[in-house]
Amino acid sequence: MTAVTTEVPQRREIKTALPGPRSQELAARRANVVAGGVGSVMPVYAARASGGIIEDVDGNLLIDLGSGIAVTTVGSSAPRVVEGVQRQVADITHTCFMISPYEGYVQVCEQLAELTPGDHAKKSALFNSGAEAVENAVKIARYATGRQAVVAVDHAYHGRTNLTMALTAKAMPYKKGFGPFASDVYRVPTSYPFRDPEGMTGEQAAQRAILAAEKAVGASDIAALIIEPIQGEGGFIVPAPGFLAAIAAWCTDNGIVLIADEVQSGFARTGAWFASDHEGVVPDLVTTAKGIAGGLPLAAVTGRAELMDSVHSGGLGGTYGGNPVACAAALGAIETMREENLVERAQHIEDLALGRLRELQQANPAIGDVRGRGGMLAIEIVKPGTTEPDAALTAAVAKKCHEQGVVILTCGTYGNVIRLLPPLVISDELLLEGLDVLAAAF
């Protein structure tokens, strides 16, 4: 079978005002049929994408510093992903693994056992979305421990289902008006170096969280503690060194299942296969999605074999979980990460971009903090001379970048963080041009 290739020119080129006439036409049609609760960052409609460029329906070429929220790590329509999907879709589109299993599911689980942190025996179950993976990780932890309570941290984001909304810290837009939420969920402080008391170490921040958990519920009643090793929607917060290790040690000492939510930070994004690797932390369960399958819906819970096997047969699964086409895409994406050394490429992006962002910080007192790892980087925008968030300036800077054909995303509990998530296959030239546009936007 001849592979279909999407060859989008790798340059920024604006041919119309944004949005262009075709995008405006689609927006009018959308207004009639798409629910208003579904928002979009930019009013331009994509037609093709590859590498570091998105081409819209009006022929404009936009620099992609968002990767579909960390999904197209290997680039959109990556050749190995396309080829694997084409082969698979011609053979089997669906049988349901719970009815008639297939090799692709097993192969993906083999890759997860090899790549996720730790050298212990591991098993996986496949699902469709990050939120679904998180829900199932909590199910497994509760079943295995016989306990009910789950601890999450400040600034956390874990999804939009009922349980994951309970785990998520930010009310607007994720929780407002959607309650009541799942019970037995408790929140404790996290490590936020930019906003923590000056001089607070990672170990001290961990002790603060542990004392809060023990006061609120008691260690003996906690089934799981769930945490993003680098927080995503909460603001790309990298905890202080030692924080995650101290939390992990407390969980181990108290029989608490440590769940690392690596939905956004996993699969080479941070310059390691998983963000937990930077701290030498080995979680009991790891949830993954986003970058795992090059754009197709796939998610997983991977964990210690004894935990994963504790649940009775039929207790885990789903009609579409581990769909054969999505599994083929995942195998193509993982092969791309290996063959193109995208872990090392993410490290190079960090070196290139952090230097430029710190130069920008020196020139602009509104940038309070620059942080991140690999291709998961952020700037936090504040009122100059303070730590007071400036969400208005953040939105204005993002809007100006969008007008100039650069896709960037905002995040943060206070709406004042610009996050950068370029495809790891983006060229240095496009990345630096995108950062120049960001600098000019200030």
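The values are calculated or read from the model by the stated rules, or taken from the named source; none is laboratory data. The structure presented is a predicted model; accordingly, all values stated were derived computationally and were not measured. Here the Cβ positions follow ideal geometry from the backbone for every residue, glycine too, while neighbour counts run over all protein chains shown.
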When region 155-179 is examined, which residues are found to be in contact with a strand residue (DSSP E or B) (Cβ under 7 Å, 6 or more places away or on another chain) and closer than 12 Å to Ala131 by Cα?
His158, Ala166, Leu167
Of these, Thr252, Thr319, Thr302, which one is assigned by TED's automatic domain parsing to the domain that holds Gln86 and crowded, with 23+ Cβ neighbours inside 10 Å?
Thr302
Can you say whether Leu377 is in contact with a strand residue (DSSP E or B) (Cβ under 9 Å, 6 or more places away or on another chain), in contact (Cβ under 8 Å) with a residue 12 or more places away in the chain and within 30 Å of Asp277 (Cα to Cα), as far as the supplied structure shows?
yes
Here are Gly37, Gly59: which of them is touching a Lys or Arg at 6+ places or on another chain (Cβ under 7 Å) and assigned to a loop (DSSP other than H, G, I, E, B)?
Gly59
Show the residue pairs meeting these rules: Cβ distance below 7 Å; 6+ apart or different chains; first residue within region 77-102 and over 30 Å from Pro9 (Cβ atoms); second residue assigned to a loop (DSSP other than H, G, I, E, B) and of a type in the set (Phe, Trp, Tyr).
Ile92/Tyr102; Thr95/Tyr102
Considering each residue of region 400-431, count those that are over 14 Å from Ile63 (Cα atoms) and not aromatic (Phe, Trp, Tyr), and give that number.
9
Residues Gly332, Gly368, Gly321, Gly372: which one is at pLDDT 95 or above and at positive phi?
Gly372
Selected residue (criterion: nearest to Leu409 (Cα to Cα)) from residues of region 40-56 that are in a loop (DSSP other than H, G, I, E, B) and among the β-branched types (Val, Ile, Thr)
Val41
Restricting the search to region 351-373, which residues are in contact (Cβ under 8 Å) with a residue 24 or more places away in the chain, under 23 Å from Asp428 (Cα atoms) and in contact with a Leu (Cβ under 8 Å, 6 or more places away or on another chain)?
Leu352, Ala353, Arg356, Leu357, Leu360, Arg371, Gly372
Of the criteria (1) under 18 Å from Met337 (Cα atoms); (2) among the small types (Gly, Ala, Ser); (3) assigned to a loop (DSSP other than H, G, I, E, B), which one Gly315 fails
(1)
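Yes or no: Ala330 assigned by TED's automatic domain parsing to the domain that holds Lys139 and either under 23 Å from the mean Cα position of the chain (by Cα) or free of Cβ contacts under 8 Å to residues at least 60 places away in the same chain (or both)?
Yes; evaluated as a whole, the condition is true for this residue.
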Qualifying position, being surrounded by fewer than 21 Cβ atoms within 10 Å (Cβ to Cβ), modelled with pLDDT of 95 or more and not in a loop (DSSP other than H, G, I, E, B), among Arg29, Arg11
Arg29
